[in-house]
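Below: one structure, written as structure tokens.
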């Protein structure tokens, strides 16, 4: 008799279980794969689940990096424009915050 996942377990539950192992229990890919196999998945299906999670994490990092660059750039440019408009204030906070946020997004884009 072949070791298979019971039909009552959904793909979403398997995905959640694997993600929990990876992120909350800090398991590496091999450990997660072995745990999924112990739960009844075949080796290929377990690998597909892991690759799916990794691609979703990568996509989320890219999205976050792009948002950091966008909002950081807006704060940086806005603070600079308002400072150069000579309305009596220097918007250092906006300039520094924007520069840091933009830099963080840029570094996350480069290091993916």
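The values are calculated or read from the model by the stated rules, or taken from the named source; none is laboratory data. In this text, all values refer to a predicted model and were calculated from it rather than measured experimentally. Positions of Cβ are generated from backbone atoms using ideal geometry, with glycine treated the same way; all protein chains shown enter the neighbour counts.
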For this session: Please go through the stretch 97-112 and pick out each residue that is assigned to a loop (DSSP other than H, G, I, E, B) and without any contact (Cβ under 8 Å) to a residue 24 or more places away in the chain.
Result: 111
Exercise. Which of (1) within 21 Å of the chain's Cα centre (by Cα); (2) over 21 Å from residue 109 (Cβ atoms) does residue 79 not meet, given it meets every other one?
Worked result: (1)
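Yes/no matrix, rows are residues, columns are (1) farther than 27 Å from residue 111 by Cα; (2) part of a helix (DSSP H, G or I); (3) touching a strand residue (DSSP E or B) at 6+ places or on another chain (Cβ under 7 Å):
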site: 27; (1), (2), (3): no, no, no
site: 32; (1), (2), (3): no, yes, no
site: 40; (1), (2), (3): yes, no, no
site: 83; (1), (2), (3): yes, yes, no
site: 95; (1), (2), (3): no, yes, no
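Residues are listed down the side, and each one gets a yes or a no for (1) farther than 29 Å from residue 15 by Cβ; (2) surrounded by 16 or more Cβ atoms within 10 Å (Cβ to Cβ); (3) modelled with pLDDT under 95:
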residue	(1), (2), (3)
27	no, yes, yes
59	no, no, yes
67	no, no, no
74	yes, no, no
83	yes, no, yes
111	no, no, yes
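Let's see how each residue does on (1) out of contact with any helix residue (DSSP H, G or I) (no Cβ under 9 Å at 6 or more places or on another chain); (2) in a helix (DSSP H, G or I):
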| position | (1), (2) |
| --- | --- |
| 22 | no, yes |
| 44 | yes, yes |
| 59 | yes, yes |
| 67 | no, yes |
| 86 | yes, no |
